[in-house]
Number of protein chains: 2
Amino acid sequence: MGIGDDAAVLSAPDGRVVASTDLLVEGFHFRRDWSSPTEIGGKAAAQNLADIAAMGAVPTGLLVGLATPGDLLVTWAEDLADGLAQECARAGAAVAGGDISAAPVVMLAITALGDMAGLAPVTRSGARAGDVLAVAGTPGHSAAGLALLEAGLAEPACLVAAHRWPHPDYPAGPEAARLGATSMIDVSDGFVQDVGHLAEQSNVRIDLESARMPDDDALRAAARAVGRQDSLDWILTGGEDHALAATFPQGTALSEHWTVVGRVNDGRGVWVDSRRFERLSGWTHFRGSNTRY
Amino acid sequence: MGIGDDAAVLSAPDGRVVASTDLLVEGFHFRRDWSSPTEIGGKAAAQNLADIAAMGAVPTGLLVGLATPGDLLVTWAEDLADGLAQECARAGAAVAGGDISAAPVVMLAITALGDMAGLAPVTRSGARAGDVLAVAGTPGHSAAGLALLEAGLAEPACLVAAHRWPHPDYPAGPEAARLGATSMIDVSDGFVQDVGHLAEQSNVRIDLESARMPDDDALRAAARAVGRQDSLDWILTGGEDHALAATFPQGTALSEHWTVVGRVNDGRGVWVDSRRFERLSGWTHFRGSNTRY
């Protein structure tokens with residue numbers, strides 16, 4: 001039961017509901033001259049639906065608040081709604097309701113809901129020494145795409161597309177919950193930085209082997225195109241891919257969604273190739289967002 | 001399970017979740033020089049939690065997105081959070097999560113969640129000829145309070161307080177669902193205008209007797225103070241009180257929460273004292289919100 005009443009009513013068969021909310025503000029999180037409204041909608045939906053998957057839940061619905069200047073074209077809002085609906089469909093969810101308002105700049109407020117399907121929520125605090133660290137998705141693609149755009153380049157197109165509209169691996173989240181993941185996080189700010197949240201909230205040390213991180217020809221080509229030695233910095237610190245990072249008990253039989261890239265140990269912090277990772281270079285909400293555009 | 005993870009997990013014992021989202025934008029929906037942050041938070045929570053009650057549901061949780069300029073005082077945000085938490089407590093709910101972002105003006109995105117407790121959701125479309133129309137709450141108090149403020153007056157203080165921070169009658173919503181209400185709506189834009197949504201979506205005519213609408217000494221005193229003949233215009237068209245309007249089968253034994261003020265008939269539109277009500281004077285999102293401040 002959805003749009004046109006005071007509130008939406010969604011199924012929550014598990015008896016619990018998983019809920020996450022995000023704000024996206026024009027000029028800080030997107031630019032209307034850099035991305036199409038469809039892309040902005042798709043990306044906004046993706047980043048919220050990924051938060052649901054990162055708890056191990058199946059996305060069920062999205063509520064969308066849209067604040068706009070009065071002169072915004074109706075077609076722009078329609079295309080935005082189209083992007084939101086497309087990404088919802090990828091995740092198996094639907095837009096269930098929303099609100100519109102006037103505002104001096106375009107602002108989107110997205111709330112995603114999901115269902116645990118009888119599984120225990122996977123938090124950030126359950127990693128234990130001896131667990132393995134694994135990743136689902138392609139960290140670095142969005143950052144590489146942004147670097148290409150900033151250099152005036154359009155190829156490899158898959159990376160530019162990943163920056164404009166990331167496609168998280170939603171089924172990997174509930175799969176991790178079924179496989180007994182001990183902790184999980186949506187990689188929105190940079191892989192090492194977000195794995196740092198797992199280490200901190202689980203009170204463990206996480207050791208990452210950079211050579212095991214997923215790399216590919218597109219990333220290597222992008223690095224060459226912009227004159228970088230390699231793509232590792234993008235992979236370790238690039239944000240907005242909405243990959244999932246999770247820890248599993250050693251010996252867990254993982255599917256092809258997941259690549260083991262490290263190990264949980266006693267101690268503190270994130271260590272990359274046996275060196276403590278100190279650089280703060282992930283996205284931070286008041287700093288990075290202002291300097292990005 | 002709440003703040004500090006990718007998403008919140010809330011109980012949804014009914015197997016369904018009721019969800020509503022609203023945007024509030026500085027300069028359009030509130031002014032930092034007119035209302036304290038505690039009041040802004042309380043009012044923002046109230047308007048969303050009332051949407052949940054208007055489905056017949058019990059509010060369970062609130063997700064809060066806050067976008068602010070970088071120079072906003074931390075104490076302002078803390079006081080806002082205090083108002084949100086206070087109103088949640090009144091409704092029996094809790095703040096479960098949120099997001100913060102930079103933005104050129106303060107914007108709030110509030111999502112409220114609720115539980116139907118085994119009852120059927122009360123929509124806007126179930127009113128039938130023969131039903132009675134009833135109201136829970138005090139339509140007109142907020143509009144009268146605004147008129148007092150605009151006239152530089154501070155008394156009756158209860159009306160100014162109602163404008164700054166309305167206190168919806170949350171339990172009246174689930175009670176209406178238990179009593180078999182056929183339709184219900186949160187009065188946010190003005191009583192007649194919102195009852196008009198019930199008439200339109202139920203495809204009926206609703207007849208309202210203005211003399212039966214709740215009036216009181218404070219409203220009458222405010223009318224005199226600003227030189228109005230009576231308070232009826234505030235009562236019929238004032239928004240933001242978050243009273244509930246509902247229809248019930250004739251003969252339903254209503255509690256003291258509810259006052260019968262009219263009747264559902266065959267036909268169309270809202271009729272006040274046997275005259276079709278045509279004036280559009282309730283709050284409209286792009287018009288009224290711009291001219292209000």
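Read-outs: derived from the displayed coordinates by stated rules, not from any lab. Since we're looking at a predicted model, the values are computed, not measured. We place every Cβ from the backbone using ideal geometry, glycine too, and count neighbours over all the protein chains shown.
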222 nm mean residue ellipticity, helices alone, for the protein assembly as shown (DSSP H n ≥ 4; -39,500 (n - 2.57); rounded to 500): -9500 deg cm²/dmol
Assume the label is 7 Å from Cα along Cα to beta carbon: what separations in nm does A:GLY92 have to the matching positions in the other copies? 3.3
Could you tell me, in Å, what Rg and Dmax come out for the Cα atoms of segment A:127-179? 15.1, 45
So which trypsin sites (Lys or Arg not before Pro) in segment B:1-50 pass both tests, a DSSP loop state and at most 16 other Cβ atoms within 10 Å of the Cβ? B:ARG31, B:ARG32
Determine the percent antiparallel among the DSSP beta bridges restricted to chain B, to the nearest 5. 75
Please quote Rg/Rh for chain A to two decimal places, taking the Kirkwood radius as Rh and restricting both calculations to Cα atoms. 0.97
If amide H atoms are built 1.01 Å from N in the plane of the peptide, which residues on other chains or at least 5 residues away come under 5 Å of the amide H of A:ALA94? A:GLY61, A:LEU62
If the viscosity is 0.890 mPa s and the temperature 25 °C, what translational diffusion coefficient in µm²/s does Stokes-Einstein give for segment B:71-210 when Rh comes from Kirkwood over Cα pairs? 137
Could you please rank A:GLU278, A:GLU200, B:GLU26, placing first whichever residue has the fewest other Cβ atoms within 10 Å of its Cβ? A:GLU278, A:GLU200, B:GLU26
Tell me which residues come under 5 Å, amide H to amide H, from A:PHE277 once H is placed; ignore anything under 5 positions away on its chain. A:VAL270, A:TRP271, A:VAL272
Most exposed to least, judged by fewest other Cβ atoms within 10 Å, A:ILE100, B:ILE206 sort to A:ILE100, B:ILE206
Sequence-separation-based contact order of chain B, relative, with Cα cut under 8 Å and 6+ spacing, percent: 24
Point-charge dipole on Cβ atoms (K/R +1, D/E -1) for segment A:138-285, about Cα centre, debye to 20: 260
Local net charge near A:LEU49, Cβ-Cβ under 9 Å (Lys/Arg +1, Asp/Glu -1): -1
Over segment A:132-292, what per residue volume does the convex hull of the Cα atoms give, in whole Å³? 112
Placing unit charges on C-beta atoms (Lys and Arg positive, Asp and Glu negative, everything else neutral), compute the dipole magnitude of chain A about its Cα centre in debye, rounded to 20. 820
All Cα pairs of segment B:1-61, percent lying beyond 13 Å: 70
Rounded to one decimal in Å, the inverse mean reciprocal Cα-Cα distance for segment A:18-115, i.e. its Kirkwood radius, is 13.1
How well do other chains shield peptide B:106-115, expressed as the mean number of their Cβ atoms within 10 Å of each residue Cβ? 6
Per-residue Cβ contact counts at 10 Å, fewest first, order A:MET116, A:MET184 as A:MET116, A:MET184
Contact order relative to length for segment A:18-115, counting C-alpha pairs under 8 Å separated by 6 or more residues, stands in percent at 47
Can you give the direction-averaged projected area of the convex hull of the alpha-carbon atoms in the protein assembly as shown, in nm²? 26.2
What net charge is computed for the residues neighbouring A:ALA253, neighbours being all others with C-beta under 15 Å from the C-beta of A:ALA253, Lys and Arg scored +1, Asp and Glu -1? -2
Rounded to a whole number, what is D in µm²/s for segment B:200-240 from Stokes-Einstein with the Kirkwood radius over alpha-carbon pairs (25 °C, 0.890 mPa s)? 207
Name the residues whose placed amide hydrogens come within less than 5 Å of the amide hydrogen of B:HIS257, ignoring near sequence neighbours (fewer than 5 apart) on the same chain. none
Of the candidates B:ASP22, B:ASP33, B:ASP189, which one comes out as most mobile in a Gaussian network treatment of chain B with C-alpha springs shorter than 10 Å? B:ASP33
Counting alpha carbon pairs within less than 8 Å and at least 6 residues apart, what relative contact order, in whole percent, applies to segment B:132-280? 44
